[in-house]
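The values are calculated or read from the model by the stated rules, or taken from the named source; none is laboratory data. For clarity, every value in this text was computed on a predicted model and none was experimentally measured. Cβ placement follows ideal geometry from the backbone for every residue including glycine, while neighbour counts extend to all protein chains displayed. Side chains included, ligands, DNA and RNA excluded: accessible areas come from the protein's heavy atoms. Shrake-Rupley method; radii C 1.70, N 1.55, O 1.52, S 1.80 Å.
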Amino acid sequence: KVLPPPSNLDYSFIQICTLNWTWNPPENVSSSCDLEYSSDIVIDEIPQDKREWSKNHFRVTDTFLNEEMRFKVRSECKYDNTSKPSRWVETSLLPKGIPGTAAVDLSCIWHNLEYMVCTWRPGENAGSDTNYSLFYWFDGLKNHKKCNNYSMHQGTFGCIFNFSFPKLTNTYPAISILVRDDSEEIRPVCTSKNPTTLVKPATPRWVKLSKINDEIYLEWSESDTFPPNCLFYEVGYHNGDMDSAQIIKVETNYTSIPSVDPNSKYIFKVRAKPKPECYSSKLYSDWSEEKSIGEKTDSTFYFVLIIALPVTVAVSTIILLVYLKRLKILILPPIPDPREILKRMFGEQNDDSQGCAKDDSVNAFDRFIKEEEIHSLILTETPECTNSEKENR
């Protein structure tokens, strides 16, 4: 026996991205049938594996708005093998607007349990004048709210809005987000997100970094927006001689590094991540600013020292040797060699005698020449004197 199907299947919006599907129970169902309803969702002809069984005459689901959404329901008798389920009753929610105009790559991050940042890109068929607006709602708000703090950077839209709860807890209601334009030509897009999967802690700030003997002590700020023991930390550090950093995990906001090299400079950074038992997020905080302690030994200084020291010693030795040699000459002058003195003395006398002999021969030759000239003059003048004497006579 086949059960009759439900009737009057319809839907209505509860909130911006939430639908309430309703139907009427089938007629002429045996009182022995433990009646319940099986319902399922199909998005663009793709089953979503979200089948549910319930005795209620309604089902609340999320909607996507930018794709065709088909909802179907049927009647079933629980624990009754004598009757078969009814046929499926279906209805569809068709998208509005031009295909390709809906916002794409919509993503949100919940920063430090304080505010939400959502970003998206315009659809490929959306005009340059498209003015998207973001609306959000979660269980606890009477009406949905509009985000007013918009920005745009390199073609990516963004919006920031406060998102926090008065009491710290690790269970939060889902948040629905709608991005649309006032124009009917732009398709709206809806998404529902578990906020615990979007949590990103704030960047830790350094509180203390000190060194005692061969141990380094580190301490950083602890977030006051998270419940106790819901964060763990990763500390990355390396010294000046290492290219890759070492990572250690700690449960508290402080730690120490023992047995460090006293002649090395160490550089530290830290980041936080939610614990999986508190939040489903896999997002780390940003790394903190790097802090260093200690002084790295400058190898260049030692290299220059190794080169300069031998050169300095060599130059100093040469200068010292020259100075000592001159000092020795001044203090202990050399003793003259007698043989050299005699040799110089007799050598000079021989030179003088030879010079004198040469001078005597020259002088004798000159005297001889002069005597010859005188005799010539005498011989020349003698006839003249004879003739004059004859005349006198």
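The magnitude of the dipole of the range 104-199, with charges of +1 and -1 set on the Cβ of Lys/Arg and Asp/Glu and taken from the Cα centre, is near 440 debye. Using a probe radius of 1.4 angstrom, the carbon and sulfur fraction of the accessible surface of the range 7-93 is 44%.
Could you tell me the relative contact order of the range 175-289? Use alpha-carbon pairs under 8 Å, at least six residues apart, and round to a whole percent.
So the answer I get is 29 percent.
Karplus-derived 3J(HN,Hα) values for the range 204-217, using 6.51 cos²θ - 1.76 cosθ + 1.60 with θ = phi - 60°, are x, 10, 5, 10, 8, 8, 9, 10, 10, 6, 10, 10, 10, 9 Hz; glycine and proline are entered as x. Among P5, P47, S32, whose Cα sits farthest toward the positive end of the charge dipole of the range 1-67 (+1 at Cβ of Lys/Arg, -1 at Cβ of Asp/Glu, about the Cα centre)? Of the options given, the answer is S32. For the range 38-78 versus the range 171-189, the inter-centroid distance based on Cα atoms is 20 Å.
Select from the range 1-110 those chymotrypsin sites (Phe, Trp or Tyr not before Pro) which occupy a DSSP coil region and have at most 11 other Cβ atoms within 10 Å, ordered by residue number. All intermediate terms of the calculation are to be shown ahead of the outcome.
On the way: sites: Y11, F13, W21, W23, Y37, W53, F58, F64, F71, Y79, W88, W110; in loops: F64, Y79, W88.
Passing sites in the range 1-110 are Y79.
Taken about its Cα centre, the range 1-95 carries a charge dipole of roughly 340 debye when the Cβ of each Lys and Arg holds +1 and the Cβ of each Asp and Glu holds -1. Taking all Cα-Cα distances within the range 201-293, those exceeding 16 Å account for 54%. The portion of the accessible surface of the range 201-293 made up by carbon and sulfur, rounded to a whole percent, is 44 (1.4 Å probe; DNA, RNA and ligands excluded).
Here the range 104-199 exposes an accessible surface that is 45 percent carbon and sulfur, computed with a 1.4 Å probe and the other protein chains kept in place. Using the Stokes-Einstein relation with a Kirkwood hydrodynamic radius computed over Cα pairs, the translational diffusion coefficient of the range 104-199 at 10 °C and a viscosity of 1.306 mPa s comes to 113 µm²/s.
Qualifying trypsin sites (Lys or Arg not before Pro) in the range 112-212, where qualification requires a DSSP coil assignment and no more than 15 other C-beta atoms within 10 Å, comprise K142, K167, R205.
Considering all alpha-carbon pairs of the range 73-132, what whole percent are spaced by more than 13 angstrom? Intermediate results must be reported in sequence, preceding the final value.
Details: 1348 of 1770 pairs.
Summing the P(r) tail past 13 Å for the range 73-132 gives 76 percent.
If DNA, RNA and ligands are ignored and the probe is 1.4 Å, what is the ranking of T252, T101, T82 by accessible area, most exposed first?
Working: T252 55, T101 5, T82 105 Å².
Ranked list, largest accessible area first: T82, T252, T101.
Of the peptides 117-123, 93-99, the order by per-residue mean of other Cβ atoms within 10 Å, starting with the highest, comes out as 117-123, 93-99. Evaluated with a Cβ-only charge set (Lys, Arg +1; Asp, Glu -1), the range 86-137 carries a dipole of roughly 200 debye about its Cα centre, given to the nearest 20. Sequence-distant contacts, meaning Cα pairs under 8 Å at least 6 residues apart, place the relative contact order of the range 7-93 at 30 percent.
Annotation note: GluC sites (Glu not before Pro) in the range 71-148 located in DSSP loop regions with a Cβ neighbour count of at most 14 within 10 Å are E114, E124.
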